1. Give me the base-10 log of I(q)/I(0) for segment 1-121 at each q in 0.14, 0.15, 0.16 Å⁻¹, Debye formula, one uniform scatterer per Cα, rounded to two decimals.
2. Find the Cα radius of gyration of segment 368-467, compare it with 2.2 N^0.38 Å by division, and give the number to two decimals.
3. Determine Rg/Rh for segment 348-393; Rg is computed over alpha-carbon atoms and Rh is the Kirkwood hydrodynamic estimate from the same atoms.
4. Report D for segment 155-239 in µm² per second (integer): Stokes-Einstein, Kirkwood Rh on Cα pairs, 10 °C, 1.306 mPa s.
5. Give me the three principal axis extents of segment 207-272 from the C-alpha atoms, as integers in angstrom, largest value leading.
6. Using 0.36 nm per residue, how much length does the chain from Arg382 to Val109 gain when fully extended, once their Cα-Cα distance is taken away?
7. Would you mind getting me the FRET efficiency between Ile292 and Leu179? Use the beta-carbon distance for r and R0 = 30 Å, nearest 0.05.
8. What do you get for GluC sites (Glu not before Pro) in segment 392-424 restricted to DSSP loop and a cutoff of at most 15 other Cβ within 10 Å of the site's Cβ?
Amino acid sequence: MLISMKNNHFKSEGEKLGMMYFRVAIVLFGAQLLMGLIAAIQFLYPGFLFEVFDFSVARMVHINALVVWLLYAMLGSVYLMLTDETGIEVVGIALGKLAFWVLTAAVTVVVLVYIFIQIGSGSETTIWLINEGREYIEAPRWADIGIVVVVLIFYYNVFATYMKGRKTGIMTVMVANLLALAGLYLAGMFFTDNISVDQYWWWWVIHLWVEATWEVFVGTLAAYALIKLIDAKREIVEMWLWIEVLMLFGSGILGLGHHYFWIGTPEYWWEIGALFSALEPVPLVAMFVHVIYDWGKEQGAHGDKPVIKNGPAMAWITVNAFGNFLGAGIWGFFHTLPQVNIYTHGTQFTAAHGHLAFFGAYASVLIGMMYIGIQKAYGIERLKATFNSKMAIFLITFGVIGMTVALTIAGYEQVLVERAELGGGWDAYFTAQNLPWMLQAQAWRLIMGVVTFIGFIYLVIDLLTIGKKQAQNQ
Ligand code: HEM
Ligand code: HEM
Ligand SMILES: [Fe+2]
């Protein structure tokens, strides 16, 4: 991954820039996991790092780093595939590189400010300089505006390259979808002092990202990757991509209603949210079936010689197919009806779903794209999984599933004791937090978090060494 920027096999400057984005993404992924471990320890030992590194800060950096590394890896993936798909060099590459450095400098400053200024009252100044206070997208306003500028440059690069080069179906979906994805960020930027109104718009970013535009985005990545990895037929994957676009937007946009149940919006959202969000797993099942079907079919076409051109990438994309289906589809569906959500809302059950969905739908496929980047960098015909690749994928996936199971049990206990038996409220919350089922579940989450982190170390070692080793053997 640390391949020299001079001696490499990249076919374009865009691919190089993609690799630069991947490097920062992996560093932020590591930071995310460390923050998660701190927060998980604090669940068991509330005094741990109290007033040195508070839970509120560890949790905030954990989930903001998550969103930012995924976005970095997304930008990296787009730059990585742009030349392949359009047949030409990225149009404004110098500007693109400048934007990368500006963004990275801004992210560094924002994180340092989060860490050094942990508490204090909120005011107009803190919104501009320290923290906007919107879960997942907490960047202060100066950084918000900077992000918009950087994203405009990125979008210009993608759009202009697309207009000048070949126009594949994958790129058409990509260009249209990125416009929506970037535009939605604006909904989380303006300030209102009414919490219901604020939440109403804030969900446009979070929900319409993860359940609409990001899903379509990873659909385009999977389509591209399947063509690269197993020679899937373009017409077939593109046809599926269009069907997915239709279904995802069809259910995802009004599925937004499942976040409007209890924030003060009108009651008609109960029916709208229930119906459309219940339909959301349908495209995920379709996507799942399509990836597995395509894989089987293309492998069959090659007779008894299975040809996977990049073992680790294919493995991660398979984790994505299952993970998206389970984390978003199944764990999402569990609590999406208002009749159920009234009990599960905001419990550890939500956290269980959040972990498996973000990992299964996004982290996994983006790690797969990093392996495709490495294959390109070293010009390797067939990249094979190493011992480290296998340990990484096994430990990370096992760890995240373990955390999900533990949190599901914790959520179940909250539903039964805190909500159903004790009727919710302050005392009910603390009673449920201190029962053995909760404490044991939190202990298991911490253990499984450590397993995930060990897997991450294997991943880093693998990303750093796999290319060099296999390029020498060629
Ligand atoms: C990859 C896609 C998805 C991701 C990454 C994701 C992630 C998340 C996260 C992180 C939350 C917690 C938000 C918070 O902090 O309040 C959440 C909430 C929720 N998600 Fe998803 N989700 C996805 C797809 C779905 C799907 C397909 C459904 C339904 C079928 C669903 C149903 C819900 C519901 C009902 C809540 C609210 C939980 C509550 O009331 O506490 N999600 N999701
Ligand atoms: C070392 C492994 C990890 C540990 C120990 C860990 C721990 C935690 C903790 C303690 C929280 C706060 C939960 C709360 O407020 O109740 C949290 C939240 C969250 N984490 Fe992790 N985490 C880890 C890895 C991950 C990974 C790999 C992902 C996704 C790819 C992820 C996504 C999230 C999300 C989306 C939330 C917010 C959930 C919500 O608001 O419902 N975490 N994590
Ligand atoms: Fe949602």
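The values are calculated or read from the model by the stated rules, or taken from the named source; none is laboratory data. Computed from a predicted model, the values in this text were never measured in an experiment. Virtual Cβ from ideal backbone geometry, glycine too; neighbours counted across all protein chains shown. Note: accessible area is taken over every heavy atom of the protein model, side chains too, but ligands, DNA and RNA are not part of it. Shrake-Rupley method; radii C 1.70, N 1.55, O 1.52, S 1.80 Å.
1. Log10 of I(q)/I(0), two decimals: -0.67, -0.74, -0.80.
2. Taking N as the residue count of segment 368-467, the ratio is 1.58.
3. 1.15
4. Rounded to a whole number, D works out at 109 µm²/s.
5. So the three principal-axis extents are 50, 15, 11 Å.
6. Going from the current span to full extension adds 94.3 nm.
7. 0.45
8. none
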